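Some notes on the structure that comes next.
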Amino acid sequence: MSTGPLIKGWCPSAWRPMETGDGWLVRVRPPLGQLSKAQVLALCDAAETFGNGLVELTSRANIQLRGVSETTWPPLMEFLVAHELVSADPATEQQPQYLLAPSWQAGDDTHQLACLLQLRGSELAAMPSKVGIAIDAGELAVLGDTAADFRVERSIDGGLIVRAEGHACGTPVGTIEAAVDHLIRLTHWFVESGGNDAGRMQRHKVPLPAWSPAKMRPASACVSAGEMPGAALALGEYQAGMVYGLPFGRAAAAALRASVTPAAVSHVRVTPWRRLWVQGASGPVEGLISDNQDTRLLMDACPGAPYCAQASVATQPLAKRLAPDVKRHSVHISGCAKGCARRSSADVCLVGQAGRFNLIVKGDAQSTPVKTGLTETEVVEYLESLGAL
Ligand code: SF4
């Protein structure tokens, strides 16, 4: 039983699975954040054949299969490579993760930037596996609340900027080619100035180089509705398909398979908000969320015990127990103080420690609790007494 988070300092991948409480965790990076219908069906089959039948979405728009074993991993990898879900070359997984604004269109700036970065990925400096690059070059930046270390965005004057995390402004770069040149140069500056010791750009408290001044603000995020999902990516039906949420970031492979079964479905965009945009789909699917009023959308819960070896409490049963009674407050349930499921503060944060819950009000998993050592029932009683349920 653990009393604090174990910081591993690296991210699992397909070629480098991580041992967790329920076996190996294999993380798949959908190329350009998109999967074909055939690839989604293959992932569902893979989850059921080689894992525990669950599919998870991460806050970086990756897909996780769990419950893989030493025996099932080799055939799983063969299967994933055959379906072009994983590169046959493990070295490509060492390149930083690219997170694309999910509404990109073929040939637009976000798409062109991602393609050029993929081509020139080997020119980026070797950085810790957690370092990521957000490609968010639509009219307005939509990925501001997601984890990234370097961002390509549109500035308030409409030009492209490259922005380092931790800085409100970015450097104007002009063209797509110049943006990629600048990003590559910035990653080398990051490494040469000691960034790998800091681990992430946000923690790298070194002034930016003179050739990369932070002087132009990004255009802020928007919410759009109608034909295309926008920044908030509201659930429901669009002309371009359905946006579904996964309850607490996970779903049975069978539910995912059902979402892509209609003949009109072509592709699925994987988003960093634990939502899937299924292009060509329509109507609700059992096991997925399609109602914006669903109270589970106010909640974040990590896998917890027994799925994560760091967890001392089961998070999912408490999340399901609280969901019908949560009204307007955000709730974060974390198996340990690492707080994987949510970076930002929540109205109520419940953190496992030594088999009990600590309760934090308006904070993240590492904030100071107002109550400690609560059982699940005591948590419910205390939240009722606060009027939070
Ligand atoms: S926050 Fe949850 S998923 Fe992350 S390490 Fe802790 S128990 Fe595991």
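Within region 322-344, track down each residue that is among the basic types (Lys, Arg) and away from the ligand (no atom under 14 Å from the Cβ).
Listed by number, the residues that qualify are LYS327, ARG328.
Scan region 349-360 and give yes if some residue there is outside the structural domain of GLY67 (by TED's automatic domain parsing), part of a strand (DSSP E or B) and away from the ligand (no atom under 15 Å from the Cβ), otherwise no. Quick ask: steps written out before the conclusion?
Pass one, region 349-360, residues outside the structural domain of GLY67 (by TED's automatic domain parsing): 349-360.
With part of a strand (DSSP E or B) added as a condition, the list becomes 349-353, 356-360.
Right, trim to away from the ligand (no atom under 15 Å from the Cβ) and you get 359.
Yes, the conditions are met somewhere in region 349-360.
Just to confirm my filter: which strands (runs of 3 or more DSSP E) fall fully inside region 117-221 and include at least 3 residues that are in the same structural domain as TRP273 (by TED's automatic domain parsing) and surrounded by fewer than 17 Cβ atoms within 10 Å (Cβ to Cβ)? Spell out the reasoning first.
Values: elements: 132-136, 150-154, 160-164.
Answer list for region 117-221: none.
Can you list residue pairs whose Cβ atoms sit under 6 Å apart, with the first residue in region 324-337 being over 13 Å from LEU359 (Cβ atoms) and among the small types (Gly, Ala, Ser) and the second being more than 9 Å from the ligand (Cβ to nearest atom) and in a strand (DSSP E or B)? Count only pairs 6 or more apart in sequence or on different chains.
SER330/ALA346; SER330/ASP347
If we scan region 333-351, do we find a residue that is farther than 16 Å from MET299 by Cα and touching a Phe, Trp or Tyr at 6+ places or on another chain (Cβ under 7 Å)?
The answer is no, given that none of the residues of region 333-351 is farther than 16 Å from MET299 by Cα and touching a Phe, Trp or Tyr at 6+ places or on another chain (Cβ under 7 Å).
Scan region 97-116 residue by residue and report those that are within 21 Å of the chain's Cα centre (by Cα) and either in a strand (DSSP E or B) or farther than 22 Å from GLN39 by Cβ (or both).
The answer is GLN97, TYR98, LEU99, LEU100, LEU113.
Does region 38-95 hold any residues that are assigned to a loop (DSSP other than H, G, I, E, B) and closer than 22 Å to CYS340 by Cβ, and which are they? Please lay out each step first, then the result.
Step one: of region 38-95, the residues assigned to a loop (DSSP other than H, G, I, E, B) are 51-53, 58-62, 69-72, 83-89, 95.
GLY51, ASN52, GLY53, THR58, SER59, ARG60, ALA61, ASN62 - these are the residues of region 38-95 that are assigned to a loop (DSSP other than H, G, I, E, B) and closer than 22 Å to CYS340 by Cβ.
Taking region 236-262 on its own, how many of its residues are in a strand (DSSP E or B) and of a type in the set (Ser, Thr, Tyr)?
Result for region 236-262: 2.
Considering only residues that are within 20 Å of the chain's Cα centre (by Cα), of a type outside the set (Ser, Thr, Tyr) and at negative phi, which ones fall in region 41-63?
LEU43, CYS44, ALA47, LEU54, VAL55, GLU56, LEU57, ARG60, ASN62, ILE63
So which of TRP15, TRP104 ends up being buried (at least 17 other Cβ atoms within 10 Å of the Cβ) and either within 16 Å of the ligand (Cβ to nearest atom) or farther than 26 Å from ARG275 by Cβ (or both)?
Details: TRP104 fails: either within 16 Å of the ligand (Cβ to nearest atom) or farther than 26 Å from ARG275 by Cβ (or both).
Step by step, each of TRP15, TRP104 is checked, and only TRP15 is buried (at least 17 other Cβ atoms within 10 Å of the Cβ) and either within 16 Å of the ligand (Cβ to nearest atom) or farther than 26 Å from ARG275 by Cβ (or both).
Report, by residue number, each residue of region 263-310 that is within 16 Å of the ligand (Cβ to nearest atom) and part of a loop (DSSP other than H, G, I, E, B).
Selection gives ARG274, CYS302, PRO303, GLY304, ALA305, PRO306, TYR307, CYS308, ALA309, GLN310.
Could you please give the count of residues in region 139-175 that are closer than 11 Å to LYS215 by Cβ and of a type in the set (Gly, Ala, Ser)?
Residues in region 139-175 being closer than 11 Å to LYS215 by Cβ and of a type in the set (Gly, Ala, Ser): 3 in total.
Filter region 89-124 for residues that are within 26 Å of LEU233 (Cβ to Cβ) and of a type in the set (A, V, I, L, M) and give the result.
Of everything in region 89-124, those that are within 26 Å of LEU233 (Cβ to Cβ) and of a type in the set (A, V, I, L, M) turn out to be LEU99, LEU100, ALA101, ALA106, LEU113, ALA114, LEU116, LEU117.
Which of the residues that make up region 155-173 are under 17 Å from TYR98 (Cα atoms) and of a type in the set (D, E, K, R)?
ARG163, GLU165
The values are calculated or read from the model by the stated rules, or taken from the named source; none is laboratory data. Here the structure is a predicted model, which is why all the values come from computation and not from measurement. A quick note on method: Cβ atoms are made from the backbone with ideal geometry, for glycine too, and the neighbour counts reach across all protein chains shown.
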